[in-house]
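Structure, as structure tokens:
The values are calculated or read from the model by the stated rules, or taken from the named source; none is laboratory data. The shown structure was predicted, so the numbers you read here are calculated from the model rather than taken from an experiment. As a convention, Cβ positions derive from the backbone with ideal geometry for all residues, glycine included, and neighbour counts pool all protein chains shown.
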């Protein structure tokens with residue numbers, strides 16, 4: 001086996017409830033803004049939860065023609081919007097990069113269900129048959145459409161690990177690059193849930209907030225009065241690149257990926273266990289060669305559900321021990337909504353921007369102290385952070401857990 005390569009981030013892109021430009025997204029996130037809005041369409045009127053994190057600053061007709069829109073699901077559109085930003089920043093479509101060797105790993109989970117919802121409605125009600133239902137709704141479509149749009153011929157993979165899809169995709173890409181399989185990869189996640197059938201399914205699980213009259217204040221991670229998460233849509237895509245490739249191309253590096261850990265709960269489809277998250281975090285720290293006290297900031301999975309928030313807090317205490325009270329623990333989902341497959345990528349991008357600017361965004365909407373959630377969740381506004389490392393957690397239905405550790409960029413072009 002060839003020598004293990006260091007892996008750097010050379011480009012990032014977002015499509016989110018706080019906008020579709022990275023700097024705008026970051027300005028609003030650190031400013032404590034919320035992108036959660038009311039779902040005002042009549043079709044959603046009967047839902048118990050009528051709020052969501054819809055992507056702002058994006059008009060599909062500005063990015064795609066009518067023929068493309070006929071063939072692209074909302075999830076694929078958002079993946080392309082984010083991937084275009086990341087690819088441009090990293091310059092991977094310029095000379096000096098062999099496009100046939102660039103991998104694409106963009107996780108997607110429920111976007112395919114929402115894309116096919118109207119096809120099946122029309123089939124069962126009207127007998128309508130359409131040839132696009134499969135290519136539009138298959139979960140690999142976001143990755144495939146990015147590969148096709150940019151002519152990228154490396155490994156093409158979709159990872160569906162529910163809410164951990166993006167983090168697992170980035171971790172997989174990290175391993176491909178550091179072991180020398182490829183030198184460049186586009187990795188992340190994309191999802192969009194906003195069709196009636198999918199929303200009804202989530203409402204039936206009774207995990208969504210019902211604060212319909214105050215959308216911006218609905219999701220309250222780690223607060224004792226939390227009543228569930230808010231679904232969101234979005235995409236986050238990163239360009240990961242080997243040290244060798246980044247040096248050769250003289251690219252600016254945004255951060256270094258230094259650790260990845262993955263573990264299953266082996267417990268329950270929807271109820272979390274602390275054991276899986278504990279093992280994922282410990283594996284990531286071990287992979288990065290770090291002691292727990294060397295990490296001062298954790299971007300939490302932080303959904304705003306009673307079970308998840310207590311479970312994650314307990315897992316953090318177990319992993320970080322005496323250093324846990326000094327951690328800054330932030331939950332971005334209060335502002336973005338839970339973007340399912342995209343969440344891990346959007347949150348890792350937040351970690352990267354934290355390391356760049358030395359500031360962590362706040363966990364908004366915290367109201368009431370919970371004795372079982374007693375860490376520092378940065379609830380009074382953004383905070384300075386000068387540490388060199390950040391950790392991002394993604395924990396999913398099914399029991400899939402992924403943790404990523406990034407380091408402040410230290411590679412001179």
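Listing for the model above:
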quantity: Selection from the range 288-299 of residues that are in contact with a helix residue (DSSP H, G or I) (Cβ under 8 Å, 6 or more places away or on another chain) and assigned to a loop (DSSP other than H, G, I, E, B); calculated: 291, 295, 296
quantity: For residue 206: the one exception among (1) assigned to a loop (DSSP other than H, G, I, E, B); (2) in contact with a helix residue (DSSP H, G or I) (Cβ under 7 Å, 6 or more places away or on another chain); (3) modelled with pLDDT under 95; (4) not assigned by TED's automatic domain parsing to the domain that holds residue 395; calculated: (2)
quantity: Any hit, the range 131-144, residues being surrounded by fewer than 21 Cβ atoms within 10 Å (Cβ to Cβ), part of a loop (DSSP other than H, G, I, E, B), at pLDDT below 90 and assigned by TED's automatic domain parsing to the domain that holds residue 76; calculated: yes
quantity: From 48, 76, residue being touching a helix residue (DSSP H, G or I) at 6+ places or on another chain (Cβ under 9 Å) and under 19 Å from residue 344 (Cα atoms); calculated: 76
quantity: Residue 302 vs. criteria farther than 17 Å from residue 406 by Cα and either assigned to a loop (DSSP other than H, G, I, E, B) or not assigned by TED's automatic domain parsing to the domain that holds residue 379 (or both); calculated: yes
quantity: Residue within the range 168-179 that is part of a loop (DSSP other than H, G, I, E, B), more than 21 Å from residue 280 (Cβ to Cβ) and out of contact with any strand residue (DSSP E or B) (no Cβ under 8 Å at 6 or more places or on another chain) present; calculated: no
quantity: Enumeration of residues in the range 163-182 that are more than 17 Å from the chain's Cα centre (by Cα) and surrounded by fewer than 24 Cβ atoms within 10 Å (Cβ to Cβ); calculated: 175, 176, 178, 179, 180, 181, 182
quantity: From the options 160, 117, residue that is surrounded by fewer than 24 Cβ atoms within 10 Å (Cβ to Cβ), in contact (Cβ under 8 Å) with a residue 12 or more places away in the chain and part of a loop (DSSP other than H, G, I, E, B); calculated: 160
quantity: The range 39-56 residues that are farther than 17 Å from residue 17 by Cα and assigned by TED's automatic domain parsing to the domain that holds residue 74, paired with ones that are at pLDDT 95 or above and surrounded by fewer than 17 Cβ atoms within 10 Å (Cβ to Cβ) (beta carbon under 6 Å, 6 or more apart); calculated: 48/210; 49/210
quantity: Residue within the range 325-341 that is in a helix (DSSP H, G or I), free of Cβ contacts under 8 Å to residues at least 60 places away in the same chain and on the phi < 0 side of the Ramachandran plot present; calculated: yes
quantity: Residue within the range 271-293 that is in contact (Cβ under 8 Å) with a residue 40 or more places away in the chain and under 28 Å from residue 38 (Cβ atoms) present; calculated: no
quantity: Every residue from the range 145-157 that is surrounded by 24 or more Cβ atoms within 10 Å (Cβ to Cβ) and assigned to a loop (DSSP other than H, G, I, E, B); calculated: 152
quantity: Criterion: at pLDDT below 95, crowded, with 19+ Cβ neighbours inside 10 Å, in contact with a helix residue (DSSP H, G or I) (Cβ under 7 Å, 6 or more places away or on another chain) and not in a strand (DSSP E or B) - qualifying residue of 226, 220, 211, 251; calculated: 251
quantity: The one condition in (1) within 28 Å of residue 244 (Cα to Cα); (2) part of a loop (DSSP other than H, G, I, E, B) that residue 109 fails to fulfil; calculated: (1)
quantity: Matching option when the condition is part of a loop (DSSP other than H, G, I, E, B) and either outside the structural domain of residue 164 (by TED's automatic domain parsing) or closer than 21 Å to residue 339 by Cα (or both), among 269, 285, 316; calculated: 269
